[in-house]
Amino acid sequence: AEAGGKPDEIGRAKVQLLRATEDPEAGLHRLAKTVSLDETRDSLRQLVEAELDGIYDDIPRKTKFEQSNPILKFQVQDGQTYFLLLEACSGSGKSLCAANFFTSSRQSRKCIYFLAGLEFTQKLYEPLRSITSFLLTALDLDLRNLLGSSALKDDPKMLKPTHLDLDCQNWYFLGALSFLVGGSSSAVATSVANARSELKGMFLLVDEAIPIPDSGQCAFVSRLSKLVLIRRLMKQLEAHLLFLGTNTLVLNFQHIAQGEDESRGSDENYSIQCITHKALPPYLPSKGDLAVLQQLFGENFESNVLRFDAVNPWLTRKLIEAFKSATPEDSVDRLQCASTSAGAVVASAKRGLSIYSVYCLFQIASHEDLCQAHLSRGFAKLNVWRPGITHPPAKSILPLQRSDTSVVVSSGISDDLSVSGKKVGNLTCRFESAANDPVTIAVCARGGRPFGPKSALEVLQEIHEESRNLQDPTAVDARKRDGNELESFVGVAIAIASWSGSEDFLRTLAFHFGSAETRTVSQIISLDDEAQEQQKTRTADALSDAKEILSKTMRNLLPLNVNEKLPQNSMKVFGAYYRSTDQSRRDGDICGPGPDDSYRGATEQKNYSRSLSGTHLKTVLHKLFDVGARLSILVVSQLDAKIGDFLQASPFSWCYLYLGPRQDSWKCFWYLKTGTPAPERRPKRRRGVESVQDQKSAFSAQDLRLLVVIEFGLATAPFASMKRADAENGGRHSTT
């Protein structure tokens, strides 16, 4: 560096490990005076008991939780040393399981619980501050000593923790562990051999075991390197180690295993196991939570609405808390308000949440296999057992919740590490179907603005840019999940916008298509002067009917595949956007919440390389209208015809809403039939996507219908590139 060059790796590491104190060892001893394992355990026990207070199903919630806690249930076999990885997304209950194990009187082994970093992001971590600072300081002190050792100078390979000779020095980290469990009176460095007699058989729980990317950090002192070193030390002690995180196994363990010469080959006494989300306790509602859920879904909701083993416990609690404080009396409106506030809380707490992963969550095809990054950057679940996607899809072979097979034993600890017969690098994850877990959709929708200030169109354009650069795997997934880009995007935009509230739906939908509409639904659909003059007696009814169709159809929609069904009670507050097949004669079906089956919609998307006009436009409209839904949505690249002429000749009354390219506001046109009576109440019909084609028999020609047309423009990215490619092949129509 003095010669004008860059500092070497050892020099950079030394700088990064410097502390404010001139004597790191003295600093470690001062920290030792502030930490008490018993006090930490007592403080954490109080938080656990408060979190699990109350009764559920006539059993104390804490007892119910402990019966399902996979760490407490884990049976240690004599002569075995275990390396466990608790692998699940944020909010699954990993930390609560670890804290329950650490504080429970049901386990008698020596146990220490701390964090891999100094990010105390949840209340449960607060009692762990002193013990975490103490142990990480000891680990840093060990690394400082290693950087100055002669062994490192003689063999540059020793810079990698995977190649370190663990007998090359005494370890402050081991001394700190021994001090915490009462094996020594001070935190002095000790050898592996000396520490083994005191620490053999203990459990070390390391939470937030996720390497935080830092391009400016020396690899030797990165969090991943520290985890590697901890793992090697625990193995030599014959102590049991548990890493908790969102990608401890899937993204990192192949790196942890590489280079460990003494670990290669078979080791009958060392077992590596992954505790998956299928092993974790289900969501256990408190008495207050149950009251809210019964208000939403009815008293008999549990068995056929929310699968407590499928929903994310943290997200469910946040949504229920937000629902309690929401003010609207109507449950549908109140749930929408809860989506806004709960989504904001979760987005603030989960700083690593990827907007591309959220976009992928709303794609209809996102139930398929996804890359591993959605575990840490979204709310996906590890996909250990499920076979690759086939057509038709292969039957799932998921184990029963909390069965023995929900804890997976790994085979091999070299570069060929595999889990359940799959190499670690080939493991995938997936999102739970919204039919089983509507909560994640509700929270991530954030009241129609899941991407903050960005629109869905902006995010899709970023996805294409990022996927070309291969910088973000969640962006690559979001691009490849749905084969038809426009159909996928429209489904995402409609489902998201439906969570914005009845008066805000049109401006939110326009926003996600890149427009800056500011008016409410009432302001947008107000009859013009000419229409009011011609239809004075019909004005109030027409406006009321149009608002009712939008408010009861486009509300709280869940993205579902055509073969998925919402439970009956769930339909009280949730609607659905179904991605349809060609045999259904439409691209999408919409089913609003509530018992009245009249409020349905149908969508059609056309991304052609030239304008949609004339006979072809009439064919498309006939196909869309033949479904018989009260609401029709058509999204096209460009129009070259007057839809109004077609509607004027129709026997129905129409409210026609149009949003054009580079247009910041909706245009509204009315085509009302003289003497049209107000709509009559229809008898309730069985809900289900297959009944939509039969809807037309339930309506008379006098009913008001809504047509929403969005023309996004031939030059709009990313759809424009597809049309240009089509034009080079003779200009034939593309249905991409």
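Take 126-133, 499-506, 439-446 and order them by the average number of nearby Cβ atoms within 10 Å per residue, most first; the result is 439-446, 499-506, 126-133. Each peptide in 46-57, 425-436 gets a packing score, the mean of other Cβ atoms within 10 Å over its residues, and the list from highest to lowest is 425-436, 46-57. For residue 111, nonlocal amide neighbours, meaning residues 5 or more places apart or on other chains whose placed amide H falls under 5 Å from its own, are 203.
Highest-first packing order for the peptide set 316-322, 288-294 is 316-322, 288-294, based on the mean count of other beta carbon atoms within 10 Å.
Per-residue Karplus couplings for the stretch 75-86, computed as 6.51 cos²θ - 1.76 cosθ + 1.60 with θ equal to phi - 60°, are listed in order as 9, 7, 8, 4, x, 9, 10, 10, 10, 10, 10, 8 Hz, Gly and Pro entered as x. Full extension of the chain between residue 458 and residue 345 yields a length gain of 38.4 nm, computed as 0.36 nm times the residue separation minus the alpha carbon distance. Here the extension length gained between residue 522 and residue 622 equals 33.2 nm, from 0.36 nm per residue of separation less the Cα-Cα distance.
Quick note: the coordinates plus some simple rules give every number you see, no bench work behind them. Only a predicted model underlies this, so the values are computations on that prediction, with no experimental measurement involved. Neighbour counts run over all protein chains shown; Cβ positions are idealised from the backbone, glycine included.
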